[in-house]
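Only one structure is covered here, and it is reproduced in the block below.
Bear in mind that the values in this text are calculations on the coordinates, not laboratory data. None of the values given here were measured: they were computed from a predicted structure. Neighbour counts run over all protein chains shown; Cβ positions are idealised from the backbone, glycine included.
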Amino acid sequence: MKKVLIAALSCLTLLSPAFAADPIAARKDVFEQYKKTFGAMGKTMKGETPYSKNEFAKLAAHLDELAQLPWQHFPQGSDKGKTEARPEIWSKPDAWKTAISDHKAATAKLKQVATTDDMAAIKAQFGATQQTCKACHKSFRND
Ligand code: HEC
């Protein structure tokens, strides 16, 4: 009995991931920062907070930094636990990668237009970026 237990325990140790100790908490942490940053940008876009080119450009640059971060925290097997991540992330890796690269392209472009005075382009690109969040959540996150 004891041997079986030891074997089971060492097996668990082997299976435990070598990356972030808690990948689910790590990615949720980044997404919470997403919410803050993107939420602040949204308020400006809606006219709820006054527009400052500098402030908005800073937020856009920060968003583009954040857009590099969550994806490393989705190792195989991290669909178990307190997570809304869908199994399609791992069963459809190509679609998942496309959703990520579409999103990164959108945040990069938003960062760039945010440094210009073209408000129409800024608004359009903010909307396009939001679409990439929504599209990914629709396919890969449980509501
Ligand atoms: C490529 C896919 C993808 C993109 C793009 C994406 N998300 Fe998510 N998001 C997810 C997944 C998957 C989860 C679920 C994570 C979990 O529960 O483990 C999530 C969770 C979240 C959460 C909840 C975090 C929590 O504490 O549970 C927020 C808020 C969020 N995303 C905001 C955003 C915003 C804002 C954007 C766009 C600026 C965005 N996301 C873009 C895939 C994406």
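Can you give me the C-alpha center-to-center distance between the range 93-136 and the range 20-45, rounded to a whole angstrom? Comparing the Cα centres of the range 93-136 and the range 20-45, I get a distance of 16 Å.
Residue-normalised convex hull volume from the C-alpha trace of the range 21-140: 96 Å³ per residue. Cross-link pairs exceeding 28 Å in C-alpha to C-alpha distance, out of LYS43/LYS134; LYS58/LYS82; LYS43/LYS82, comprise LYS58/LYS82; LYS43/LYS82. Under a 5 Å amide H cut-off, with hydrogens placed 1.01 Å from N, ARG86 pairs with ARG141, ASN142 among residues at least 5 apart or on other chains. 3J(HN,Hα) along the range 35-42: 4, 4, 5, 5, x, 5, 5, x Hz, from the Karplus curve 6.51 cos²θ - 1.76 cosθ + 1.60 with θ = phi - 60°, whole Hz, x for Gly and Pro.
Annotation: lysines with alpha-carbon distance below 18 angstrom to LYS138 (same-chain offsets under eight excluded): LYS28, LYS35, LYS92, LYS97, LYS104. Annotation: peptides 43-49, 32-38, ranked by per-residue average of other Cβ atoms within 10 Å with the highest first, follow the order 32-38, 43-49. Rounded to whole numbers, the Karplus 3J(HN,Hα) couplings from phi for the range 77-84 are x, 8, 8, 9, x, 7, 9, 9 Hz, using 6.51 cos²θ - 1.76 cosθ + 1.60 with θ = phi - 60°, and x at Gly and Pro.
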